[in-house]
Amino acid sequence: MLAATVRVTRHLDAAEESVQEAYVAALEAWSRDGVPARPGAWLTTVARRNALNAMARRRTLQAKLPLLLEPEAIEMDEPTEDATIPDDRLRLVFTCCHPALAREAQVALTLRLVCGVGTADIAHVFLVAEPTMAARLTRAKRKIAAAGIPYVVPGPADLPARLDAVLTVVHLLSTTGHTAPSGDALVRVELADRALDLARMLHALLPAEREVAGLLALLLVHDARHATRTDEAGRLVRLEDQDRSAWDRAAIARADQLVDAALRDGPPGRFTLQAAIAALHAQAPTYEDTDWPQILALYDELLRTWPAPVVALNRAVAVAMVHGPAAGLTEVEALERGGQLAGYRYLPATKADLLRRLGRHEEAADAYRAALALTDNATERAFLAEQLG
């Protein structure tokens, strides 16, 4: 709804207001007359009409109004015009990733407005406090308004400059769905599915872009095994204990094809390398058969390409599998001293697991308690509490 309405208003705040007014109208009309056969089209039509009416009341936009008016009977479920980007949601992702905004602001604002990710969860992703992220989102919206940045769909020539930010948005949306930062369920299926849909559309739009193929491959592998990540009671199941026979082998094979093609075409980027790592995990017939030396080599390359502390932490796990838990712990403790992952729940959780494997149980218990204090997801909390016990 928001994406379709922004196409009319070219102004984000006005579109948000129109959408909220449509919800209010629905509460009243549907309670009286019943839910319509096509509620999405009903809501979108009302939101767009609200936007047009609001614009009609603004004298400064009166000259533009005839260009924006559309017949009331138009169907809203499908795009009504040919465009470079065929899906309203994907259009708005590209539109929000405006180069006038800082990269972090582009990504955070798009996650919040287009993808429906809560401010608290975005703060988790960026490793900052929720009030800090809320302030950043507010500043980004103010900058858009103050600078008069138009919400218009970029043309083909403008897409490459925005592509990395768009890929980052889809990746973080998938990450938030793959393991929810908060709530009762480990997986937020609707977010993970939305990310996979966007990745597929991106690949259809830009089939020659290797990093687009890499991101799609990564998300396909995640999707292939998401059903085995929890048991029937909703408890977390570690990778080594998951039922690999239940993984979607067709999706894994498709991901492998995408990775192979991307690797053949040139130096791999961060999404292709992550996909290659995920594919190696998925291709191993058992956990014990995992090619950890190759995974470590890929992490070495990923860390050179994308020197992020989270990548370094994931690499430490591979180091522990190849060279032993003591070597992995050394890497983790170096990251701990650096302070860049302060507040990141997986750092103490990883440290706890390595300490446990080394038989240093009292220190492991302390690390598990530290991880519990940073974890808001109920499924992860239950798993950590079990390990602590």
(message) Considering only residues that are basic (Lys, Arg) and under 22 Å from the mean Cα position of the chain (by Cα), which ones fall in region 239-276?
(response) Arg254, Arg270
(request) Within region 161-191, track down each residue that is farther than 22 Å from Gly269 by Cα and either assigned to a helix (DSSP H, G or I) or in contact with a Pro (Cβ under 6 Å, 6 or more places away or on another chain) (or both). (result) Gly177, Val189, Glu190, Leu191
(message) Just the residues that are modelled with pLDDT of 90 or more and either touching an Asp or Glu at 6+ places or on another chain (Cβ under 6 Å) or not in a helix (DSSP H, G or I) (or both), please, taken from region 38-56.
(response) Arg38
(message) Can you confirm whether Ala246 is among the hydrophobic types (A, V, I, L, M, F, W, C) and under 25 Å from Ala378 (Cα atoms)?
(response) yes
(request) Could you grab me the full set of residues in region 245-263 that are farther than 23 Å from Pro307 by Cα, of a type outside the set (Asp, Glu) and open to solvent by 20 Å² or more (accessible area, probe 1.4 Å)? (result) Ser245, Ala246, Arg249, Ala250, Ala253, Arg254, Gln257, Ala261
(request) Report, ordered by the first and then the second residue, all pairs with beta carbons closer than 9 Å, sequence separation of six or more or different chains, a first member in region 188-211 that is over 28 Å from Ala378 (Cα atoms), and a second member that is modelled with pLDDT under 90 and among the small types (Gly, Ala, Ser). (result) Arg210/Gly266
(request) Only one of these is over 17 Å from Leu113 (Cα atoms) and of a type in the set (D, E, K, R): Arg32, Arg10. Name it. (result) Arg32
(message) Checking the conditions here, which among Gly343, Gly359, Gly324, Gly338 is on the phi > 0 side of the Ramachandran plot, free of Cβ contacts under 8 Å to residues at least 40 places away in the same chain and open to solvent by 40 Å² or more (accessible area, probe 1.4 Å)?
(response) Gly359
(request) Give, as residue ranges, the helices (runs of 4 or more DSSP H) completely inside region 247-356 that count at least 1 residues that are under 30 Å from Gly389 (Cα atoms). (result) 270-283, 292-305, 309-323, 325-338
(request) Please name all residue pairs, on different chains or six or more residues apart, with Cβ atoms under 7 Å, provided the first residue is in region 300-317 and is open to solvent by 50 Å² or more (accessible area, probe 1.4 Å) and the second residue is part of a loop (DSSP other than H, G, I, E, B) and of a type in the set (A, V, I, L, M, F, W, C). (result) none
(message) Looking at Gly389 and the list (1) crowded, with 17+ Cβ neighbours inside 10 Å; (2) modelled with pLDDT under 95, which single condition is not satisfied?
(response) (1)
(request) Spot the failing condition for Thr330; the list is (1) free of Cβ contacts under 8 Å to residues at least 12 places away in the same chain; (2) under 22 Å from Asn377 (Cβ atoms), and only one is missed. (result) (2)
(message) Please pick out the residue among Glu288, Glu333 that is of a type outside the set (Ser, Thr, Tyr), under 30 Å from Ala251 (Cβ atoms) and out of contact with any helix residue (DSSP H, G or I) (no Cβ under 6 Å at 6 or more places or on another chain).
(response) Glu288
(request) Test each condition in (1) more than 26 Å from Ala316 (Cβ to Cβ); (2) modelled with pLDDT under 95 for Asp248 and report the one that comes out false. (result) (2)
(request) Please determine, by comparing only the residues of region 125-148 that are in a helix (DSSP H, G or I), among the hydrophobic types (A, V, I, L, M, F, W, C) and within 21 Å of Gly177 (Cβ to Cβ), which one is modelled with the lowest pLDDT. (result) Val125
(message) Being modelled with pLDDT under 80, under 13 Å from the mean Cα position of the chain (by Cα), buried (at least 20 other Cβ atoms within 10 Å of the Cβ) and under 27 Å from Met201 (Cα atoms) is true for just one of Val114, Val166. Which residue is that?
(response) Val114
(message) For region 366-386: of the residues being free of Cβ contacts under 8 Å to residues at least 24 places away in the same chain and closer than 22 Å to Val319 by Cα, which is surrounded by the most Cβ atoms within 10 Å (Cβ to Cβ)?
(response) Ala367
(message) Just the residues that are among the polar types (S, T, N, Q) and open to solvent by less than 20 Å² (accessible area, probe 1.4 Å), please, taken from region 169-178.
(response) Ser174, Thr176
(request) For region 264-299, enumerate the residues that are within 17 Å of Ala320 (Cα to Cα), open to solvent by less than 20 Å² (accessible area, probe 1.4 Å) and either out of contact with any His (no Cβ under 7 Å at 6 or more places or on another chain) or of a type in the set (Phe, Trp, Tyr) (or both). (result) Ile277, Ile295, Leu296
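The values are calculated or read from the model by the stated rules, or taken from the named source; none is laboratory data. What you are looking at is a predicted structure, and each value in this text was computed from that prediction instead of being measured. Heads up, the Cβs are rebuilt from the backbone with ideal geometry, glycines too, and the neighbour counts pull from every protein chain shown. All accessible areas refer to the heavy atoms of the entire protein, side chains included, with ligands and DNA or RNA removed. Shrake-Rupley method; radii C 1.70, N 1.55, O 1.52, S 1.80 Å.
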